[in-house]
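Colleague: One structure is given below, represented as structure tokens, and several questions about it will come after.
Values in this text are rule-based calculations from the coordinates and carry no lab data. Predicted, not measured: the structure shown is a model, and the values here were computed from it. Positions of Cβ are backbone-derived with ideal geometry, glycine not excepted, and every protein chain shown enters the neighbour counts.
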Amino acid sequence: MPTPERASLAQVYAQVTTRLENAGVPTPGPDADALIAHVMHKTPAEVRTARARGDYLSGAHLDEVEDVVKRRVAREPLQHICGRAPFRTHELRVGPGVFVPRPETEVVAGAAIEAIRAREHSGEVPYAIDLCAGSGAIALALVRETQARVWAVERDVYALEYLRRNVADLTETERSRITVTAGDARTALDSLNGQCDVVVSNPPYIPPGATPLEPEVAHHDPQVALYGLGPDGLEIPRGVARAAARLLSPGGIFVMEHGQEQGEATRALVGDIDAFVSAVTHQDLAGRDRYLVAHTQSG
Ligand code: GLN
């Protein structure tokens with residue numbers, strides 16, 4: 001069937017929402033707005049206003065909407081289709097092959113930001129490290145929202161590509177405070193041993209066999225970013241915690257995201273590392289156990 005010359009935004013929105021709903025997309029209305037906005041190079045709020053005003057979409061735009069809707073109906077992540085993912089005060093570039101940052105990780109980044117801000121009062125520039133940085137969600141939040149000197153460690157080549165692009169989007173002054181390090185989080189940045197104020201990480205932590213239910217996660221998030229290895233999924237988190245113990249200065253703070261069932265196990269794994277003197281589990285906005293904050297012995 002040939003594409004009509006134009007159609008009202010309200011009609012397109014209604015049709016797209018129904019198709020997304022039928023495909024099991026959890027938030028069909030907001031996704032319809034976001035996809036239409038992406039095609040029109042507008043914000044979703046601008047599209048909603050245009051829709052209320054009775055505006056129309058041209059035939060060329062209708063073809064493009066059809067392309068992106070087909071991808072979303074096949075449950076490709078919205079963020080991969082739009083190429084952007086919001087995270088705290090910024091937007092990250094993401095796409096096929098890279099993990100999409102989650103809202104719960106915004107709270108984890110917030111805890112690291114708070115810890116850094118507490119250090120800023122001392123007058124010295126705090127040093128902060130993001131281990132398993134992915135596309136840079138946490139690391140960029142630290143750079144933008146604090147005055148810290150930040151290192152972002154990542155070993156996956158696809159993630160590194162996005163991480164570097166996201167760093168390139170920062171202002172020149174912000175860029176001067178961040179270093180991207182390609183390598184294994186467990187062994188990286190030996191030269192900073194004992195010198196860092198805050199180490200933060202959202203490592204892979206899903207246990208083997210706990211296959212994510214959402215197709216967006218199961219088929220589009222890279223497995224290296226999901227599965228933490230070992231029988232409990234905590235092999236990588238354990239290595240990350242040891243790296244944090246090595247990197248942190250006395251009285252340093254370690255913040256690590258984990259699965260909602262892993263509060264006790266992550267406190268125990270940190271308890272096995274001599275350098276740490278405390279470990280407290282904190283919750284995300286949905287009230288689920290989500291991250292651990294641990295301190296190293298003060299000097
Ligand atoms: N939070 C991810 C998920 O829910 C799991 C992996 C991670 O964030 N480190 O799919």
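Colleague: Provide, as a two-decimal number, the C-alpha radius of gyration of segment 23-65 over 2.2 N^0.38 Å, N being how many residues it has. Working shown, then result.
Modeller: Values: Rg = 10.5 Å, N = 43, 2.2 N^0.38 = 9.2 Å.
Rg over 2.2 N^0.38 Å, computed on Cα atoms: 1.15.
Colleague: Let me ask another. Kindly provide the helix-only [θ] at 222 nm of the chain, computed as the sum of -39,500 (n - 2.57) over DSSP H runs of four or more divided by all residues, to the nearest 500 deg cm²/dmol? Mind showing how you got there, number by number?
Modeller: Details: 13 runs with 132 residues, N = 299.
Dividing the helical sum by the residues of the chain leaves -13000 deg cm²/dmol.
Colleague: Given 192, 148, 101, which one lies farthest toward the positive end of the charge dipole of segment 78-195, if we put +1 on the Cβ of every Lys and Arg and -1 on the Cβ of every Asp and Glu?
Modeller: The Cα lying farthest towards the positive end belongs to 101.
Colleague: For segment 199-299, go through all pairs of different Cα atoms, get the mean of 1/r, take its inverse, and jot down that Kirkwood value in Å. Don't skip to the end; give the middle numbers.
Modeller: Working: mean 1/r = 0.0719 Å⁻¹.
Its Kirkwood hydrodynamic radius stands at 13.9 Å.
Colleague: Still on this structure, please answer the following. Restricting to the chain, what percent of DSSP beta bridges are antiparallel, rounded to 5?
Modeller: Numbers: 19 of 39 bridges.
Of all bridge pairs located within the chain, approximately 50 percent are antiparallel.
Colleague: Work out how much length residue 122 to residue 286 would gain on full extension: take 0.36 nm times their residue separation and subtract the Cα-Cα distance, in nm to one decimal. Don't skip to the answer; put the middle values down first.
Modeller: Values: separation 164, 0.36 × 164 = 59.04 nm, distance 3.38 nm.
Roughly 55.7 nm would be gained on extension.
Colleague: Cα centroids of segment 8-41 and segment 91-128: how far apart, whole angstrom?
Modeller: Result: 31 Å between the Cα centres.
Colleague: If you don't mind, another one. What number in nm² do you get for the chain if you take the convex hull of its Cα atoms and divide its surface by four?
Modeller: On the way: hull surface 68.1 nm².
Quarter of the Cα hull surface area: 17.0 nm².
Colleague: Below 8 Å between Cα atoms, with a sequence gap of 6+, how large is the relative contact order for the chain in percent? All intermediate terms of the calculation are to be shown ahead of the outcome.
Modeller: Working: 560 pairs, mean separation 40.3, N = 299.
That works out to 13 percent.
Colleague: Mind checking segment 1-94 for trypsin sites (Lys or Arg not before Pro) that DSSP puts in a loop (not H, G, I, E or B) and that have at most 15 other Cβ atoms within 10 Å? Display every interim value, and only then the final one.
Modeller: On the way: sites: 6, 19, 42, 48, 51, 53, 70, 71, 72, 75, 84, 88, 93; in loops: 42, 75, 88.
Listed in order of number, the matching sites are 42.
Colleague: Set the Förster distance to 22 Å, then compute FRET efficiency between residue 298 and residue 174 from the Cβ-Cβ distance, nearest 0.05.
Modeller: Numbers: r = 30 Å, r/R0 = 1.38.
For R0 = 22 Å, the calculated efficiency reads 0.15.
Colleague: To continue, here is another question. What spacing in nm lies between the two simple spin-label points modelled at residue 66 and residue 14, each 7 Å away from Cα in the Cβ direction?
Modeller: Simple spin-label model gives 2.0 nm for this pair.
Colleague: Nearest 20 debye, what's the magnitude of the dipole of the chain about its Cα centre given +1 on Lys and Arg Cβ and -1 on Asp and Glu Cβ?
Modeller: Details: 30 positive and 40 negative charges, 76 e Å.
Taking the Cα centre of the chain as origin, the dipole is about 360 debye.
Colleague: Length gain on complete extension for the stretch residue 211 to residue 165, per 0.36 nm per residue less the alpha carbon to alpha carbon distance?
Modeller: On the way: separation 46, 0.36 × 46 = 16.56 nm, distance 3.01 nm.
Length gained between residue 211 and residue 165: 13.5 nm.
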